[in-house]
Amino acid sequence: MLLVLATLLYYLLVLMVSRRWSGGHLEDGTSADLLGLRSVAIMTAAWLAAAVVAGPMLGMLGYVLRVGKPPTSALAAGGLCGLLSGDGWQALVLAPPWRLLAVTDPDQAQFFRGVLAGQTVKIVLPIVVLAWLATAHRLWRAWPMLLTAAVSCGALSAALWYVVYAAAGSI
């Protein structure tokens, strides 16, 4: 329910506050507002569907982490870390840090440093939480399982994020 609420609130803010969908014009000079609203509606529906599917899955992984035995909890913790950090990994693969930092134009360099910082947080924060979970739930003995789950779920998540961005770009 939290993901559904967050999605609805985000797109409500897009509609009412940022209004990123409005103000454009087509080649013939007519307003592109209807196409912008169509795009917002499609992406709202897509993200709501994703929230309905992903929410219970993430909740189940959290439940398994809390009540499972150490090997099972390690798999759940690693899986959660990988799934949550996949977007950051995918972005860093498509735009490696050395390319972002090599930009010479001062305005672009500042923007790209901000992008790099954001992508780094998407990766580092789940890893920090994973280390905390491993310590709090005494999962260090199951470290190989935890690491295997984190890496494999991170790769799967990065691939899925690539597909999501490619699909969104084609709409």
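The values are calculated or read from the model by the stated rules, or taken from the named source; none is laboratory data. None of the values given here were measured: they were computed from a predicted structure. All Cβ positions, even for glycine, are placed from backbone atoms using ideal geometry, and neighbour counts span all protein chains on display. Ligands, DNA and RNA are stripped out before the accessible areas are found, and what is left, the full protein with its side chains, is counted by its heavy atoms. Shrake-Rupley method; radii C 1.70, N 1.55, O 1.52, S 1.80 Å.
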inquiry  = Let me check against my output: what whole-number percent is the relative contact order of the chain, with C-alpha pairs under 8 Å and at least 6 apart?
reply    = 27
task = From largest accessible area down, sort VAL103, VAL67; use a 1.4 Å probe on the protein chains.
result = VAL67, VAL103
query = LYS69: net charge of surrounding residues, Cβ under 12 Å, Lys/Arg +1, Asp/Glu -1, itself excluded?
reply = +3
task = Give the accessible surface of the chain per residue, rounded to a whole number of Å², with probe radius 1.4 Å and ligands, DNA and RNA excluded.
result = 66
ask   = Which whole number of Å³ per residue matches the convex hull of the alpha-carbon atoms in region 69-169?
value = 94
message = Explain nothing, just compute: Karplus ³J(HN,Hα) = 6.51 cos²θ - 1.76 cosθ + 1.60, θ = phi - 60°, for every residue of region 15-32 in order, whole Hz, x for Gly and Pro.
response = 5, 9, 9, 6, 6, 4, 7, 10, x, x, 10, 7, 4, 7, x, 7, 5, 9
key: Carbon + sulfur, % of accessible area of region 30-101 - ligands and nucleic acids excluded, 1.4 Å   = 77
note = Cα pairs beyond 22 Å in the chain, in percent, come to 58
request  = Might you work out the accessible area of ILE127 for me, using a 1.4 Å probe with all protein chains in place, and round it to the nearest 10 Å²?
outcome  = 80
message = Quick check for me: using +1 on Lys/Arg Cβ and -1 on Asp/Glu Cβ, what's the dipole size of the chain about its Cα centre, in debye to the nearest 20?
response = 820
